[in-house]
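Before any comments, here is the structure.
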Amino acid sequence: MSAVRLTAAILVYLLPLTVLSYGFPAALKLERAVPANHEMEISQLKARDRARHGRLLQSLGGVIDFPVDGTFDPFVVGLYYTKLRLGSPPRDFYVQIDTGSDVLWVSCASCNGCPQTSGLQIQLNYFDPGSSVTATPISCSDQRCSWGIQSSDSGCSVQNNLCAYTFQYGDGSGTSGFYVSDVLQFDMIVGSSLVPNSTAQVVFGCSTSQTGDLVKSDRAVDGIFGFGQQGMSVISQLASQGVAPRVFSHCLKGENGGGGILVLGEIVAPNLVFTPLVPSQPHYNVNLLSISVNGQALPINPSVFSTSNGQGTIIDTGTTLAYLSEEAYVPLVEAITKAVSQSVRPVVSKGNQCYVIASSVAEVFPPVSLNFAGGASMFLNPQDYLIQQNNVGGTSVWCIGFQRIQNQGITILGDLVLKDKIFVYDLVGQRIGWANYDCSMSVNVSATSSSGRSEYVNAGQFSDNAAPQKPSLNMVGKTLMLLLMFLYTLLYGRGSVICGRWRVIISRPAKPRRRNV
């Protein structure tokens, strides 16, 4: 109780000094936001709070965290997915995380052939535009309909004037439907505060038809969450509204049940290396220059990896394994087999190169590195290019996880390679960075806002597949901390406060430098 009185006394002392020193009005007029009779519907209060949160988020921006489940293991799940809350009232939808496409879509209530159950032990839902009070179908004349032209075979339905779409994926599956606009609900960290149940209006697809693997129930989800660069992607929509930065990051956990981290924001790590994105490409294309085994570059013609006419190297979380052209696959497998020939027994199983081994793969198999433009290398441990097929009587069979693609000149780096690493997609700087990391640990995340740069150091709320938790500070101490930081920033132009595992930095925007003309 004495601590509360002391804090209150400090606040009473400091607030008048702040007002007098910086010329703010000495008298403030307060008006009641809630009627005196307290007769105000909870729905009205929630709507007002959502509007306020929207204004707050648009003025500051912040870090948005999504839970991650699933695993790379094709014998278990073979995909990573997250949970979204869409509509009013919000409903949960489980969607695959896919950096190889642009659009977010979920199964619609009128969907034909959509799966009813899932082997992933998740409850599948259907989006019903008529049941959400904030849902609005996108008409053909809506300017936002043009966003879809960049990402899909968009068209107009003459019958109902709806902006429609059709997608065909590389595995032969497909979906079609129409676009709707509705609220996406999420938790966000702005400054040092958690803003739960925040909302932003986004355009997404309402799927009315699905084909191929999308209709199989063994690993069915509600839809696909595209993280591409085009205007229809959620990351582009939120960035254009000032809600989130044009950067997102993930860290997909490989072992012990999978899961991981997915944030709209930049994961900060000291050993990140970056390579530039190839410009004017529909996917996240990077320039792969060479492949090394045990530090020795393989004899592969560099033209095999060149980006042109649909060829090149793509980073795609929607792909489970990894794929190489014939000209790169054969030298890689030969070099690995030669390096382990004295310790294992090579076998071929269903066309795949496999090895019977009685010890740990880490002790026997060589390191592999993928070398990219800009001097960035991606170092692969044996578990990043091998898949365990079975384990019997003290021996196990491990197979090469890379698959060959004939006559296409394309390289796809899927979850097998991407797991157990931080990946940062910097869309402003047009580059991708990565670093090996234990994705079960907490991460450092940063976001650039209009008031400066905020850093959240070892916050810990982005771990164990959990949504952000509230800081462990009590409200009185937190208020005092922010007030002191605010005063310090006004006086010196930059404030920094460390409290527990939280470090918050606020700086006034620098004046623009005059350019010489």
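A few notes on this one:
- Test set (1) more than 24 Å from the chain's Cα centre (by Cα); (2) at pLDDT below 90 - residue 167 fails condition number: (1)
- Residue in region 210-222 that is among the polar types (S, T, N, Q), surrounded by fewer than 23 Cβ atoms within 10 Å (Cβ to Cβ), over 19 Å from the mean Cα position of the chain (by Cα) and in a strand (DSSP E or B) present: yes
- Boolean, residue 276 is open to solvent by 50 Å² or more (accessible area, probe 1.4 Å), more than 27 Å from the chain's Cα centre (by Cα) and either closer than 21 Å to residue 250 by Cβ or of a type outside the set (Gly, Ala, Ser) (or both): no
- Residue in region 381-395 that is modelled with pLDDT under 95 and among the hydroxyl-bearing types (Ser, Thr, Tyr) present: yes
- Restricting attention to region 380-399 and to residues that are assigned to a strand (DSSP E or B) and either of a type in the set (S, T, N, Q) or touching a Pro at 6+ places or on another chain (Cβ under 6 Å) (or both), the residue that is surrounded by the fewest Cβ atoms within 10 Å (Cβ to Cβ) turns out to be 391.
- Residues located in region 425-467, provided they are buried (at least 19 other Cβ atoms within 10 Å of the Cβ), of a type in the set (Val, Ile, Thr) and at pLDDT below 90: 443, 445
- For residue 190, the stated conditions do not hold, so it cannot be described as modelled with pLDDT of 85 or more and of a type in the set (Val, Ile, Thr).
- Residues satisfying the stated conditions in region 172-196, i.e. within 11 Å of residue 86 (Cα to Cα) and open to solvent by 10 Å² or more (accessible area, probe 1.4 Å): 183, 185
- Boolean, residue 474 is more than 23 Å from the chain's Cα centre (by Cα) and modelled with pLDDT of 55 or more: no
Table: residues versus (1) buried (at least 20 other Cβ atoms within 10 Å of the Cβ); (2) part of a loop (DSSP other than H, G, I, E, B); (3) modelled with pLDDT of 95 or more.
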| residue | (1), (2), (3) |
| --- | --- |
| 290 | no, no, yes |
| 303 | no, no, no |
| 313 | yes, no, yes |
| 317 | yes, yes, yes |
| 328 | yes, no, yes |
| 331 | no, no, yes |
| 334 | no, no, yes |
| 342 | no, yes, no |
| 348 | no, no, no |
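- Condition broken by residue 366, with the remaining ones in (1) more than 22 Å from residue 421 (Cβ to Cβ); (2) under 34 Å from the mean Cα position of the chain (by Cα) satisfied: (1)
- Each residue in region 65-115 was checked for being closer than 24 Å to residue 129 by Cβ, open to solvent by less than 40 Å² (accessible area, probe 1.4 Å) and of a type in the set (A, V, I, L, M), and 6 pass.
- Any hit, region 173-194, residues being within 29 Å of residue 111 (Cβ to Cβ) and not in a strand (DSSP E or B): yes
- Condition check for residue 355: part of a strand (DSSP E or B), over 30 Å from residue 424 (Cβ atoms) and aromatic (Phe, Trp, Tyr): yes
- Qualifying positions in region 97-133 - hydroxyl-bearing (Ser, Thr, Tyr), more than 30 Å from residue 282 (Cα to Cα) and assigned to a loop (DSSP other than H, G, I, E, B): 117, 118, 132
So that you can scan it fast, the table gives a plain yes or no per residue for (1) open to solvent by 70 Å² or more (accessible area, probe 1.4 Å); (2) over 19 Å from residue 92 (Cα atoms); (3) within 23 Å of the chain's Cα centre (by Cα):
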{"residue": "123", "(1), (2), (3)": "yes, no, yes"}
{"residue": "129", "(1), (2), (3)": "no, no, no"}
{"residue": "140", "(1), (2), (3)": "no, yes, no"}
{"residue": "146", "(1), (2), (3)": "no, yes, no"}
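The values are calculated or read from the model by the stated rules, or taken from the named source; none is laboratory data. Predicted model only: the values in this text are computed from it and were never measured. For neighbour counting, all protein chains shown are included, and Cβ atoms are generated from backbone atoms with ideal geometry for every residue, glycine included. Calculation scope for accessible area: heavy atoms of the full protein, side chains included, ligands and nucleic acids excluded. Shrake-Rupley method; radii C 1.70, N 1.55, O 1.52, S 1.80 Å.
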